[in-house]
Every structure is written in C-alpha cells, then in structure tokens.
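Colleague: Before we start, here is the structure in question, set down as structure tokens.
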Amino acid sequence: MKTYKIDERSRKYRFGAPIETESLVINSMQKMTDNTLKYFKLNRKKNQLQFIYKMSKSDIVLGLGENQRGMNKRGGLYESFCSDDPVHTPDKKSLYGAHNFFILDGAEKFGIFVDYPSKVIFDIGFSQADELNITIEDENLDLYIIEGEGPKEIVEAFLVLLGDSYVPPKWAFGYQQSRWSYPDSKEIERIADSFLQNKIPCDAIYLDIDYMEAYKDFTIDEKRFPEFKEFVEKIKNKGFRLIPIIDAGVKIEDDYIIYEEGKKNDFFCVDEDDTPFVAAVWPGKVHFPDFLNPEARRWFGLKYKLLIDNGIEGFWNDMNEPAIFYTEDSLKKAISMAKDSEDKNLDINSYFNLKDQFSNLINNVEDYKRFYHKIDGKKISHYDVHNLYGHNMTRSAAEGFKEIDPNKRFLLFSRASYIGMGRYGGIWTGDNHSWWQHILLNIKMMPALNMCGFLYIGADTGGFSGDANSQLLIRWSQFSIFTPLFRNHSALGTRSQEPYAFDDESTNIMKKVIELRYSLIPYIYSEYMKAAIKKILYFMPLSFEYKDEMSKRVEDQLLVGDSLMITPIYEENAIGRYVWLPEDMLLCKIKSHQDTRCHVYKKGHAYIDVELEETPMFIRKDKMMILGKPAQNVEKINLDELKIIAFIEDGGSYTYFDDDGSTHSYKDGNYSEILIEIKKKAEEYIVDVENKGNYMVKKIHFEIIDIEGNVIEKTVNLTK
Ligand code: GLC
C-alpha cells in the first residue's frame, strides 16, 4: 500500500496530560509548545482553555461533521457532546456525534482538530460576528493544526492522520429497508416478498429492537422469530440480508449470560462505590459495558458471534451516546415530588418545576458525572470521556469481526461517534424527521462528515419521526441514491414509508429511482473505494474544486466523486430549482436507465426544470459517469457491459475500480482498475481503455457529448 507523507506543516500542540483518545493513527508530526501556537490567541481561564481567532469577512468555516445549520458553520454555536436528541431543530447545539475538526478557508487557510473527549464549545461568530472561539472546560488536550494549499489539501492531510477508512461489503451499497419495527418473521417475509413482487431492488431488511427477547442484546425472541438461523437463510435465499440492531445497555437480569459474564468480570461501568452503575433504557434497568477497557471491549465484540453464527453479516449499533431514560435516584426524586404535590394547588412555578423533574430525567448530563470507566487501572469519570463511548462500542464490534472472520467485510454503523471511528464503521445521522428541511440538512452534513473521516454515511431516508408523503420520499431518495448508506427507516407509530406504500404512480417512480441507484453502483462503489484507498473525499463542497466566490457560498449542491455535481430538489412541490454552474457542465435528467436526457449548460446561474420523476445530475467538464444495469440486488448486477456518458471538451480520463466486494484483500492490491481515456484529435474522439486486474468488464458503450451538445457513440470491446 501507498505510504503517505505527513505534511511537515501539520503540528501537534499538547496541553497538560490529556487522556489518549487513539483517534489518530499518526502522531509523529512536529510537537509544539503553546507559545508557538499559530493563528489562535490562547486564553487560560480558571480550569478552562480558550482559543480565539479573528475572522476576516471572507472567511468560511467548513466541517464539524454531524451538526446543525449551514455547510458554512459561521454564525453558529455548537457543543461537541454526543447527545440522544431526536428533535433536530436549528437551535440544537449537539447531535449524536462529536466531530471536532473544521477548516477555515479565507484570508488564511488551515484545519484544526481538537482532540478532547468531553464537551468542547465552538462559537463561530455567534457571540461576536468576527470571532471564532473554542472553549474547553479543561487544560488537558491535544490540538492539531493542519496546513495545506487549499481546503481540499488540508482535509486530505487530515484523512491521512486518521488511517484506513472502514469499507463495508459491496452489497451494503444496495438499497436497504428498515422500520421500527418489522416485529416478527412473518412481517419480515411480507416485506421481502413485497419488494420481489414489485420488482424493486433491495439488499437488506432491518431488525429493530423487537427481534430481541425483552430487549436483551444478542438474544432472539423465539416466539417472534422461531428457528432464527433457518429464517436468516430463507430470507438470504430470497436475496436479502437481515441487519439486527445492538444497543449499548445490557439488561440486568439473573441468568442472562451477557449480564452474568459482564458482572463477574467487572466489565461494566461503575458508580462512586465501585458497584456497576444502573441506568434505564429500553429493557428497563441496564449496565453499560466499559468499552474503554480493552478487555471489556474484546468481550463484548466477540458476542456478535452469537448472531454471526446464525448467518448475520451486518449490524447497527444504537443508543451508544449512551442514551439514558432515567436513573433510579432521579426517578425516585421526581415521583416523590409528584406525591408531595398531589393535593396542592400548583401555580406556574410549582407546576413547571414538577413537569421539569420528569422531562429532565432523560439524557440528563448530570448522570454522565455519576459513573466511571477504568482506564489503565485509573477510575475516570464518564463525563470526561463521554464522546468516546459510542466510538469504542463500534470499535469493539469491528475488532470482534476481525477475530471472528478476519477476511470478511461486515456491514457496521453507529449512532454516536468520535473522530477516528470512521476506521471501524459508518454512521447514520439518527432520528431525523419527515421534514423537507431535513433533506437539506442531510445534504449539508454529508461533506462535513467526510471531512471528519466518515465515508459510509447516510440518513434515515424519508425521515424517521413524523409522517412522510410520497413526494418527500421520492425527492429524498433522489438525493440518497448518492449516499453510500441508502436506507429508508421510520419510527413506531408513523405512516408506512416503504417505496411501494403509497399510490401506484409513486411506487413506479420509487422503483425507477432505486433502480437508478443500482445503475449507479459501478460509479458509487468505484468512487467510494478510491476515496477509502487514496484517502480522498467522496462528497465535496463546490469550493474544494472551484475557486470562484459563488462556489464558496453554494450550500445545496455537492460534488460526488470525480465526475458529478448534484443539485437535489428539497422543496415541496418544486418542479425545478436554481443552480450555480462554476463551469460548463452537462445536465442529465434521469427518469430511468433507458430514459436519460442530457443538455449542456453554460457556466453561470441557471434555473433547471426537474419533474418529480426526474433525478438531476451534472457531469463536470472533461469528466465521465459510468453506469451499469439495475438488478434485484447488488450481487445480481451484471457488470459485463457498462455505459459511459462523458462530457468532453478537450479530453478526460476516468479510473473505474472494482474488487471482490466481500473481503479485505483489496488492501493487498487485489483489485482491478480500468483506465479510460478520451482524447480529442482534430474533430475526432479517440477512446483508450486499459484493463488491469481480474474483475473484467467485457464491453463499454460510450456516449460522448461535446461542448456543443453533439453526441458521438462508440463501443469498446475489452480483452484482458
Ligand atoms: C433509536 C434509534 C432508531 C431506532 C429506535 C428503536 O431512536 O435512533 O433508529 O429505530 O431507537 O430502536
């Protein structure tokens, strides 16, 4: 594998004696003292550090991963503290992930990573328009400053420090169907059959918490899922993988093996008195495995084998901020207050006080100060390492898989995360709503997550809470076909939102949109794998490639991989939208893989018409998009013949990547690359295709569109 040179301008500043987060794999950069701190003014307050930067008018701030507000984070106040908050309104300061990396692109250009596992506050021009202020309630932390030519180079330098990205199996790039819940095997089978009857492609169906016996991790409710192993196989024979959820809390119940083993071996987080800490989540009272203790982490990770032995090949880790519904003490206090209030005349203050006692039970930050981890024999308050919890749960699973089946790629993603978790799994963006605003939020978050080292990412398409209508699902899916994780998931009690859950016309449109995803898999997979191997981005803001002022300000268009700019529709009833074209591009509006219309658009502002059944995408100048034919699932896609739509003025090249899709052997160079080159000579286009490796494509059909919109067709037969 390639070795990466660390930019000598990347610097590490150590303050005090921080807890090792192990978020970076490379620490060998220059270590600096704080009196050489560049860009920032350091302000030491009592037990607190503050880094202050004066922003110029033109500065934009990109990054911070899973967060609210714009792609440009300027104007906002953000608190990095993994939070189980299911209502993602713009006023929220924290979501599930803690992603303390951003870049400043303006008069000066640099990236900064605050490696500190508890609360960090980023005030990016919120309190004072021109001041960027980072506050940490501690004096022990590592700070990294990363420099480079421009924003893209800075991020790429950071990705090198993060190490090799998680890569899922290829089938995980197929469409995935989820709901809380498909509660029993009958319902799962009904869902699988509905996809087959409607001929809608799908690769995975999810098992939410009801598959377990009383919400106990690594158990199966045998009444709902009799003969689970045979059932997993039956569904796999129909072409679908089943993906169970794993929650962080372990139910307290005598004779439940996970509980008994965890207790016996001191693998649970403890309270002040060294007894396992009790909190309540789905099963009622639980203990939290101490994922920061390597032995406990290994113990829990190997438990995934119980499900893997039943044929399971993928998991989603949840409630790992960790979410706490209540603790015994706080609940007792609230109940006693309610009892005391029983016969009283509650006025405005006493009524709201009582109400708050109950509403503050859930995910109360004070509870995080009441339990402890054991790190290297030392007892450490959970609060001080809070943001590492979900990260280490996912690490536990990934390390477990490595022992259980070393060369197999498993699907794995998590809700809570910290920078560095992108090596172990992906993330989904948690409990969004069936709101149009959340399509836009989803669009803005994707490049920010990539910048923080998360490649396998996606949101609950169609929205988790609230009721979706068919139009919302269609428009959202037209965006999600570009996200590596494309999963439709919805909450208990909401309207069904499977692609066929609405009227026939919508079913037909959804079928074509999902088929388009499968046609795009050669491109999406190729771009994902190149991003993972070369440590580059999959989603980028326009400003990473185009240096004009407008491209810095565009928040609702993204670059996807090497060739595409996407301009999703995210407004209800819209039949088109405004776009910014930083150069001449080719707009392809795709109704189905047989019905694609492409037009050349000139650099500048434009309004494009986009009917509900059309997915718009722009091919950048001198770039090409590679397409296959859809199939019922990823393994059935026939890659013998591919199609390339190229928008060529002078000439362009593309590298198409493929591998076995199921093992880690791509890391040993076991993959194939097809190098495609189109050159303009006089008035002719010369196509050159070089096939390297084993995964052979037999034929490529070219549709080359020139700057005037003329179409030249060619077919190239490939031999090895
Ligand atoms: C959490 C998850 C959600 C899941 C639910 C039940 O809210 O974020 O995806 O469906 O728990 O397990």
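The values are calculated or read from the model by the stated rules, or taken from the named source; none is laboratory data. As the structure is a computational prediction, the values presented were derived from the model and not from experiment. With ideal geometry, Cβ positions are generated from the backbone for all residues, glycine too; neighbour counts draw on all protein chains shown. Each accessible area value is taken on the protein alone, full model and side chains, heavy atoms only, with ligands, DNA and RNA left out. Shrake-Rupley method; radii C 1.70, N 1.55, O 1.52, S 1.80 Å.
Colleague: What about Ile443, is it within 20 Å of the chain's Cα centre (by Cα), among the aliphatic types (A, V, I, L, M), closer than 17 Å to Leu559 by Cα and within 16 Å of the ligand (Cβ to nearest atom)?
Modeller: Numbers: within 20 Å of the chain's Cα centre (by Cα): yes; among the aliphatic types (A, V, I, L, M): yes; closer than 17 Å to Leu559 by Cα: yes; within 16 Å of the ligand (Cβ to nearest atom): no.
No, not satisfied.
Colleague: Only residues that are open to solvent by 60 Å² or more (accessible area, probe 1.4 Å) and either within 22 Å of Leu411 (Cα to Cα) or within 16 Å of the ligand (Cβ to nearest atom) (or both): list them for segment 185-231, please.
Modeller: Scanning segment 185-231 gives Glu213, Tyr215, Arg224, Lys229, Glu230.
Colleague: Within the bounds of segment 388-403, is there any residue that is open to solvent by 10 Å² or more (accessible area, probe 1.4 Å) and in a loop (DSSP other than H, G, I, E, B)?
Modeller: No: zero hits.
Colleague: Which of the following residues is open to solvent by 30 Å² or more (accessible area, probe 1.4 Å), in contact (Cβ under 8 Å) with a residue 60 or more places away in the chain and within 15 Å of the ligand (Cβ to nearest atom): Ser496, Ser490? Can you show your working first?
Modeller: Numbers: Ser490 fails: open to solvent by 30 Å² or more (accessible area, probe 1.4 Å).
Just one listed residue meets the conditions, Ser496.
Colleague: Show the residue pairs meeting these rules: Cβ distance below 7 Å; 6+ apart or different chains; first residue within segment 40-57 and of a type in the set (Gly, Ala, Ser); second residue open to solvent by 50 Å² or more (accessible area, probe 1.4 Å).
Modeller: Short answer, once both residue conditions are applied: Ser56/Ala107.
Colleague: Further question: Which ones in segment 52-82 are over 12 Å from Leu132 (Cβ atoms) and open to solvent by 30 Å² or more (accessible area, probe 1.4 Å)?
Modeller: Lys57, Ser58, Arg69, Glu79
Colleague: Name the strands (runs of 3 or more DSSP E) wholly within segment 10-120 that hold at least 1 residues that are hydroxyl-bearing (Ser, Thr, Tyr)?
Modeller: Values: elements: 11-15, 30-32, 41-45, 48-54, 60-63, 76-80, 101-105, 109-115.
The strands (runs of 3 or more DSSP E) meeting that bar are 11-15, 48-54, 76-80.
Colleague: Out of Phe479, Phe464, I need the residue that is within 16 Å of the ligand (Cβ to nearest atom), more than 13 Å from the chain's Cα centre (by Cα) and among the aromatic types (Phe, Trp, Tyr). Which one?
Modeller: Working: Phe479 fails: within 16 Å of the ligand (Cβ to nearest atom).
Result: Phe464 is the single residue among Phe479, Phe464 that is within 16 Å of the ligand (Cβ to nearest atom), more than 13 Å from the chain's Cα centre (by Cα) and among the aromatic types (Phe, Trp, Tyr).
Colleague: Pick out the one residue from Asn349, Asn310, Asn363, Asn320 that is among the polar types (S, T, N, Q) and without any contact (Cβ under 8 Å) to a residue 40 or more places away in the chain.
Modeller: Values: Asn310 fails: without any contact (Cβ under 8 Å) to a residue 40 or more places away in the chain; Asn363 fails: without any contact (Cβ under 8 Å) to a residue 40 or more places away in the chain; Asn320 fails: without any contact (Cβ under 8 Å) to a residue 40 or more places away in the chain.
Exactly one of Asn349, Asn310, Asn363, Asn320 is among the polar types (S, T, N, Q) and without any contact (Cβ under 8 Å) to a residue 40 or more places away in the chain, namely Asn349.
Colleague: Residues to consider are Ala157, Ala204, Ala192; find the one that is farther than 24 Å from Glu527 by Cβ and small (Gly, Ala, Ser). Let's see the steps before the verdict.
Modeller: On the way: Ala157 fails: farther than 24 Å from Glu527 by Cβ; Ala204 fails: farther than 24 Å from Glu527 by Cβ.
Being farther than 24 Å from Glu527 by Cβ and small (Gly, Ala, Ser) holds for just one of Ala157, Ala204, Ala192, which is Ala192.
Colleague: Have a look at Asn310, Asn317 and point out the one that is among the polar types (S, T, N, Q), outside any helix (DSSP H, G or I) and touching a Gly at 6+ places or on another chain (Cβ under 8 Å).
Modeller: Result: Asn317 is the single residue among Asn310, Asn317 that is among the polar types (S, T, N, Q), outside any helix (DSSP H, G or I) and touching a Gly at 6+ places or on another chain (Cβ under 8 Å).
Colleague: Could you please let me know if Asp318 is within 16 Å of the ligand (Cβ to nearest atom), assigned by TED's automatic domain parsing to the domain that holds Asn392 and under 26 Å from Ser80 (Cα atoms)? Spell out the reasoning first.
Modeller: Details: within 16 Å of the ligand (Cβ to nearest atom): yes; assigned by TED's automatic domain parsing to the domain that holds Asn392: yes; under 26 Å from Ser80 (Cα atoms): yes.
The answer is yes for Asp318.
Colleague: Out of all the residues in segment 101-119, is one or more modelled with pLDDT of 95 or more, more than 28 Å from Glu8 (Cβ to Cβ) and open to solvent by 10 Å² or more (accessible area, probe 1.4 Å)?
Modeller: yes
Colleague: Can you name the condition, by its number, that Tyr368 falls short on among (1) in a strand (DSSP E or B); (2) within 22 Å of Phe81 (Cβ to Cβ)?
Modeller: (1)
Colleague: Another question, then. Take the residues in segment 120-154 that are under 23 Å from the mean Cα position of the chain (by Cα) and open to solvent by 10 Å² or more (accessible area, probe 1.4 Å); name whichever of them is nearest to Arg44 (Cα to Cα).
Modeller: Ile121
Colleague: Consider Asp329 against the criteria (1) within 16 Å of the ligand (Cβ to nearest atom); (2) open to solvent by 30 Å² or more (accessible area, probe 1.4 Å); (3) more than 15 Å from Asp247 (Cβ to Cβ); (4) not basic (Lys, Arg): it satisfies all of them except one. Which criterion is unmet?
Modeller: (1)
Colleague: Given the criterion open to solvent by 100 Å² or more (accessible area, probe 1.4 Å) and either within 27 Å of Gly669 (Cα to Cα) or part of a strand (DSSP E or B) (or both), identify the matching residue among Glu703, Glu713, Glu690, Glu708.
Modeller: Numbers: Glu703 fails: open to solvent by 100 Å² or more (accessible area, probe 1.4 Å); Glu690 fails: open to solvent by 100 Å² or more (accessible area, probe 1.4 Å); Glu708 fails: either within 27 Å of Gly669 (Cα to Cα) or part of a strand (DSSP E or B) (or both).
So the residue among Glu703, Glu713, Glu690, Glu708 that is open to solvent by 100 Å² or more (accessible area, probe 1.4 Å) and either within 27 Å of Gly669 (Cα to Cα) or part of a strand (DSSP E or B) (or both) is Glu713.
Colleague: Select from segment 275-303 the residues that are assigned to a strand (DSSP E or B) and not hydrophobic (A, V, I, L, M, F, W, C) and list them in ascending order. Break it down into steps so the answer makes sense when it comes.
Modeller: First, pick out the residues of segment 275-303 that are assigned to a strand (DSSP E or B): 276, 279-281, 284-287, 289.
Result: Pro276, Gly284, Lys285, His287, Pro289.
Colleague: From the set of residues in segment 536-587 that are closer than 16 Å to Val61 by Cα and either at pLDDT below 95 or among the aliphatic types (A, V, I, L, M) (or both), which is surrounded by the fewest Cβ atoms within 10 Å (Cβ to Cβ)?
Modeller: Ranking the candidates gives Met550 first.
Colleague: Same structure again: Out of Ala606, Ala631, which single residue is touching a strand residue (DSSP E or B) at 6+ places or on another chain (Cβ under 9 Å), at pLDDT 95 or above and either buried (at least 18 other Cβ atoms within 10 Å of the Cβ) or not assigned by TED's automatic domain parsing to the domain that holds Glu515 (or both)?
Modeller: Numbers: Ala631 fails: touching a strand residue (DSSP E or B) at 6+ places or on another chain (Cβ under 9 Å).
Just a single option satisfies the conditions, and that option is Ala606.
Colleague: Same structure again: Just the residues that are crowded, with 24+ Cβ neighbours inside 10 Å and not in a loop (DSSP other than H, G, I, E, B), please, taken from segment 459-474.
Modeller: Step one: list which residues in segment 459-474 are crowded, with 24+ Cβ neighbours inside 10 Å, which gives 459-464, 468, 473.
Once the filter is applied, which keeps residues that are crowded, with 24+ Cβ neighbours inside 10 Å and not in a loop (DSSP other than H, G, I, E, B), segment 459-474 yields Asp460, Thr461, Leu473.
Colleague: Of Gly426, Gly400, Gly453, which residue is under 15 Å from Asn320 (Cα atoms) and touching a residue at least 60 places away in the same chain (Cβ under 8 Å)? It would help to see each step written out before you state the result.
Modeller: Working: Gly400 fails: under 15 Å from Asn320 (Cα atoms); Gly453 fails: under 15 Å from Asn320 (Cα atoms).
Exactly one residue qualifies, and that residue is Gly426.
Colleague: Hey, another quick one. Name the residue, out of Tyr96, Tyr78, that is within 16 Å of the ligand (Cβ to nearest atom), closer than 22 Å to Phe454 by Cβ and aromatic (Phe, Trp, Tyr). Before the answer, list the steps.
Modeller: Working: Tyr78 fails: within 16 Å of the ligand (Cβ to nearest atom).
Within the list Tyr96, Tyr78, the selection yields Tyr96.
Colleague: Next question, about the same structure. Would you check if Pro283 is within 15 Å of the ligand (Cβ to nearest atom) and open to solvent by 20 Å² or more (accessible area, probe 1.4 Å)? Full working, then the answer.
Modeller: Details: within 15 Å of the ligand (Cβ to nearest atom): yes; open to solvent by 20 Å² or more (accessible area, probe 1.4 Å): yes.
Yes, satisfied.
Colleague: Just to be sure before I move on: is Ser543 in contact (Cβ under 8 Å) with a residue 24 or more places away in the chain, in contact with a Leu (Cβ under 9 Å, 6 or more places away or on another chain) and assigned to a helix (DSSP H, G or I) in the structure I sent? Break it down stepwise before answering.
Modeller: On the way: in contact (Cβ under 8 Å) with a residue 24 or more places away in the chain: yes; in contact with a Leu (Cβ under 9 Å, 6 or more places away or on another chain): yes; assigned to a helix (DSSP H, G or I): yes.
So Ser543 passes the test.
Colleague: Does segment 429-440 hold any residues that are farther than 18 Å from Asn469 by Cβ and buried (at least 24 other Cβ atoms within 10 Å of the Cβ), and which are they? Spell out the reasoning first.
Modeller: First pass over segment 429-440, keeping only residues farther than 18 Å from Asn469 by Cβ: 429-431.
Within segment 429-440, just Thr429 meets the criteria.
Colleague: If I ask for residues that are small (Gly, Ala, Ser) and either surrounded by 23 or more Cβ atoms within 10 Å (Cβ to Cβ) or on the phi > 0 side of the Ramachandran plot (or both), which ones from segment 166-184 would you list?
Modeller: Taking segment 166-184 and keeping what is small (Gly, Ala, Ser), we get 172, 174, 178, 181.
Ala172, Gly174, Ser178 - these are the residues of segment 166-184 that are small (Gly, Ala, Ser) and either surrounded by 23 or more Cβ atoms within 10 Å (Cβ to Cβ) or on the phi > 0 side of the Ramachandran plot (or both).
Colleague: From Tyr601, Tyr671, Tyr656, Tyr695, which residue is farther than 30 Å from Asp193 by Cα, in contact with a helix residue (DSSP H, G or I) (Cβ under 8 Å, 6 or more places away or on another chain) and open to solvent by 10 Å² or more (accessible area, probe 1.4 Å)? Let's see the steps before the verdict.
Modeller: Numbers: Tyr601 fails: in contact with a helix residue (DSSP H, G or I) (Cβ under 8 Å, 6 or more places away or on another chain); Tyr656 fails: open to solvent by 10 Å² or more (accessible area, probe 1.4 Å); Tyr695 fails: in contact with a helix residue (DSSP H, G or I) (Cβ under 8 Å, 6 or more places away or on another chain).
After applying the criteria, what remains is Tyr671.
Colleague: So is Glu213 free of Cβ contacts under 8 Å to residues at least 60 places away in the same chain, under 30 Å from Ile536 (Cα atoms) and of a type outside the set (A, V, I, L, M) or not? Talk me through it step by step, then tell me what you get.
Modeller: Values: free of Cβ contacts under 8 Å to residues at least 60 places away in the same chain: yes; under 30 Å from Ile536 (Cα atoms): no; of a type outside the set (A, V, I, L, M): yes.
For Glu213, the condition - free of Cβ contacts under 8 Å to residues at least 60 places away in the same chain, under 30 Å from Ile536 (Cα atoms) and of a type outside the set (A, V, I, L, M) - is not met.
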